[in-house]
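Engineer: Before I ask anything, here is the structure I am working with.
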Amino acid sequence: KVLLCKRAISPRKGYWTLPAGYMENAETTQQAATRETWEEAFAEVTLGGLYTLIDLPHINQVYMIFLADLIGDFGPGPESLEVALFEEHEIPWDALAFPTIERTLRHYFADRENAAYPLHISKITPEDRERYVGSA
């Protein structure tokens, strides 16, 4: 199953996302991933490897999403309305917050069939974002 959070904040409030957020000064990418997972889902994780690296040059962002194993319980943090575990067939594909999240989830479910999780590097263009931003 995959842990998703329904956003309680803008942008894309009310849409689902993987736990994610901005890095703080003086922290590593791994520390940021672990911290953001706790802040958004009150979830402790054992962090695995970097899984997707997605450039968004038109908004000066880079998404780095790690694989992780959930340890124990979870619940909505202050930036989440709801937090839940989803099987592949339960993913709310039409209610995902960002194209980076959809791309990561599609890679994950495809890679899971082979039990191999290589690093995926890609780019999101303004055209890729249009269906998300335009429908917000």
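Taken together, the values in this text are just the output of simple stated rules run on the coordinates, not laboratory data. Bear in mind that the values here come from a model prediction, so they are computed numbers and not experimental data. Please note: Cβ atoms are built from the backbone with ideal geometry, for glycine as well, and neighbour counts cover all protein chains shown.
Engineer: Step by step: first the residues of segment 33-50, then only those that are closer than 10 Å to PHE66 by Cβ, among the hydrophobic types (A, V, I, L, M, F, W, C) and under 13 Å from the mean Cα position of the chain (by Cα), then the one that is surrounded by the fewest Cβ atoms within 10 Å (Cβ to Cβ). Which residue is that?
Structural biologist: The selected residue is LEU50.
Engineer: Here's a follow-up. Among what's in segment 1-28 and is surrounded by 15 or more Cβ atoms within 10 Å (Cβ to Cβ) and of a type in the set (Val, Ile, Thr), pick the residue that is farthest from ASP73 (Cα to Cα).
Structural biologist: THR17
Engineer: Go through LEU119, LEU96 for me and flag whichever is hydrophobic (A, V, I, L, M, F, W, C) and either free of Cβ contacts under 8 Å to residues at least 60 places away in the same chain or surrounded by 13 or more Cβ atoms within 10 Å (Cβ to Cβ) (or both).
Structural biologist: LEU96
Engineer: Go through (1) in a strand (DSSP E or B); (2) farther than 22 Å from ARG35 by Cβ for ALA84 and report which single condition fails.
Structural biologist: Going through the list (1) in a strand (DSSP E or B); (2) farther than 22 Å from ARG35 by Cβ, ALA84 breaks only (2).
Engineer: Could you tell me how many of the residues in segment 87-114 are among the aliphatic types (A, V, I, L, M), assigned to a helix (DSSP H, G or I) and within 24 Å of ILE9 (Cβ to Cβ)?
Structural biologist: 3
Engineer: So for segment 51-68 (the condition being assigned to a loop (DSSP other than H, G, I, E, B), touching a helix residue (DSSP H, G or I) at 6+ places or on another chain (Cβ under 9 Å) and crowded, with 16+ Cβ neighbours inside 10 Å), does at least one residue qualify?
Structural biologist: The answer is no; no qualifying residue exists.
Engineer: Then there's this: Looking only at segment 15-28, count every residue that is in a loop (DSSP other than H, G, I, E, B) and under 14 Å from ALA84 (Cβ atoms) and tell me the total.
Structural biologist: 3
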